[in-house]
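What follows is a set of notes on a single structure, which appears directly below.
The values are calculated or read from the model by the stated rules, or taken from the named source; none is laboratory data. Computed from a predicted structure; not experimentally measured. Reconstructed Cβ throughout: ideal geometry from the backbone, glycine too, with neighbour counts over all protein chains shown.
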Amino acid sequence: MRSVENDSEFKTIAPKILYFGNPVALISSVNEDRTPNLAPISSFWALGWTMTLGLLMDTKTLENLELRRECVVNIPSPDMWPQVEALASLTGQNPVPEDKRNKFRFEKDKFGAGSFAPLPSEVVSAPRVRECPVHLEAIVRSLHELQGDPRLHKLGGAASVEVEILRVHVRADFVVEDHYVDPAKWQPLIYNFRHYFGLGQELGKTFRAEV
């Protein structure tokens, strides 16, 4: 291994976001009038069947999850990025919060705006997104306001939302041996420093891979 005597080959920076290739999800939730809301996020991770969603405080999605503690985490494929981007500048909040008015506009029908079709869920009231290859029905277990980051405070604050996944629906042609997803066929949409990507070619597999 080559030794590094100094750090001149590195540059200290302060990027606006730390998205080193995050998967994208569409979160469907239910408004107070029982109509559906749909919003893209790019901050979430899973361990077992527990998933943590990162949401800004000033969003309709978080408002809905506080009132009705259930949702569907829909995972789009790379080819769906134009539909995802069609929702990026829309908000379900009416009136639009003052700090969002220069970039966002209100849209009641998010499914229509993104050319998505709702699909009934099995155990939650929020609909699934038919076009997404993966749907994760979930209930909210806890909400926690994030502290200490002045960048988040400037955006109105943020919260981590812990959800428990109750049902996993995967497009049939991506499933092998009943309960395994074929990684050669399935790819998530990746958000990499505000640009959309797919995964690309397989490089290898971990020793724990079963398929």
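Tabulated data for the structure shown
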read-out	value
Test result for residue 88, at pLDDT below 95 and under 19 Å from residue 44 (Cβ atoms)	yes
Members of the range 117-166 that are buried (at least 17 other Cβ atoms within 10 Å of the Cβ) and polar (S, T, N, Q)	121
Residue check, residue 65 at pLDDT 95 or above and either within 13 Å of the chain's Cα centre (by Cα) or assigned to a strand (DSSP E or B) (or both)	no
Search result, residues across the range 71-98 that are in a strand (DSSP E or B) and surrounded by fewer than 20 Cβ atoms within 10 Å (Cβ to Cβ)	none
Any hit, the range 138-158, residues being part of a strand (DSSP E or B), at pLDDT 95 or above and in contact with a Cys (Cβ under 6 Å, 6 or more places away or on another chain)	yes
Where residue 186 falls short, out of the listed (1) modelled with pLDDT of 95 or more; (2) within 19 Å of the chain's Cα centre (by Cα); (3) not hydroxyl-bearing (Ser, Thr, Tyr)	(1)
Output for the range 82-119, where each listed residue is among the hydrophobic types (A, V, I, L, M, F, W, C) and under 25 Å from residue 190 (Cα atoms)	84, 86, 87, 88, 90, 104, 111, 113, 116, 117, 119
Matching residues, the range 167-180, being part of a strand (DSSP E or B), surrounded by 16 or more Cβ atoms within 10 Å (Cβ to Cβ) and touching a residue at least 40 places away in the same chain (Cβ under 8 Å)	169
Any pair with Cβ under 7 angstrom, 6 or more apart, that starts in the range 27-44 at a residue that is farther than 15 Å from residue 87 by Cα and in contact (Cβ under 8 Å) with a residue 60 or more places away in the chain and ends at one that is small (Gly, Ala, Ser) and assigned to a loop (DSSP other than H, G, I, E, B)	30/125; 30/126; 31/92
